[in-house]
Every structure is written in structure tokens, then in C-alpha cells.
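For reference, the structure discussed in these notes is given below.
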Amino acid sequence: MQSVEVNLSTMQKHYIKEWRKKRGLTQGQLAERMESEPGEPLMSHVTVSNIERGVQSPTLEQLYAFAEALNVSVSMLVGNNPDMDGEVIDLLGKINDQNRPTILAMLKAAVGD
């Protein structure tokens with residue numbers, strides 16, 4: 001599989017470091033969670049560090065691996081700062097389909113919508 005490099009500088013900032021810290025992981029632990037194939041590491045902690053610091057752009061494969069390892073979607077990884085709204089996002093993910101309409105109505109009422 002050919003890797004495609006994503007230029008996040010033309011998109012938006014990513015929140016890989018913030019999501020990693022929210023999940024309580026070190027760069028090494030995060031790297032260990034990501035494999036290209038079973039038993040084959042996708043990247044080292046050095047690569048994680050380089051991506052977090054903006055020294056290196058993640059490939060599309062790496063971006064999906066980060067999202068899976070951090071239990072978030074790719075769109076959340078690049079669009080949602082967990083320091084600001086991570087708890088809300090985590091809670092929304094736990095809502096079952098039966099309670100969804102009630103909770104949605106409560107949220108709309110809380111924000112005056």
C-alpha cells in the first residue's frame with residue numbers, strides 16, 4: 001500500500017498530542033498501539049513526537065491509525081480539541097439509541113435552540 005502524506009498545514013491543526021494526553025498515554029504507548037500489520041509497528045515514539053510537533057506530516061494511514069488508537073474519529077482528531085470539548089464528545093459517544101432523542105432535546109433546551 002502506497003502511503004499518502006497529508007499536508008495538515010493547508011487543512012487545519014491536528015490535536016493528536018491533546019487526545020494522547022487526554023487518554024493518559026505516553027508517545028511510546030501510543031506508538032505501541034499502532035501497527036501496520038499484526039506485530040508490525042507502524043511508527044516509533046520518535047515519529048509520534050515529530051508529528052505532534054509539526055516536524056513531520058502524518059500519512060493518511062498514520063492519521064487513521066492515530067484515530068483508532070485514540071478511540072476517536074479522524075474528523076475529531078483534526079477538528080476537536082479535547083481540552084475544550086473532549087468530555088462532551090466522550091459522553092455523547094456513550095449515549096444509546098433509545099436515549100438519544102431525549103438527550104438531544106435536553107441539549108437543545110440547554111443551549112436555547
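The values are calculated or read from the model by the stated rules, or taken from the named source; none is laboratory data. Just so you know, these numbers come straight off a predicted model, no measurement behind them. Glycine gets a Cβ as well: all are built from the backbone with ideal geometry, and neighbour counts include every protein chain shown.
Quick notes
- Candidates 49, 57: the one that is farther than 25 Å from residue 88 by Cα, surrounded by 14 or more Cβ atoms within 10 Å (Cβ to Cβ) and modelled with pLDDT of 95 or more is 49.
- Evaluation of residue 88 against (1) modelled with pLDDT under 80; (2) touching a strand residue (DSSP E or B) at 6+ places or on another chain (Cβ under 9 Å) (one fails), failing number: (2)
- Residue satisfying all of: in the stretch 20-41; under 17 Å from residue 71 (Cα atoms) and in contact with a strand residue (DSSP E or B) (Cβ under 8 Å, 6 or more places away or on another chain); modelled with the lowest pLDDT among these: 35
- Whichever residue in the stretch 23-43 is surrounded by 14 or more Cβ atoms within 10 Å (Cβ to Cβ) and small (Gly, Ala, Ser) and, among such residues, is nearest to the chain's Cα centre (by Cα): 31
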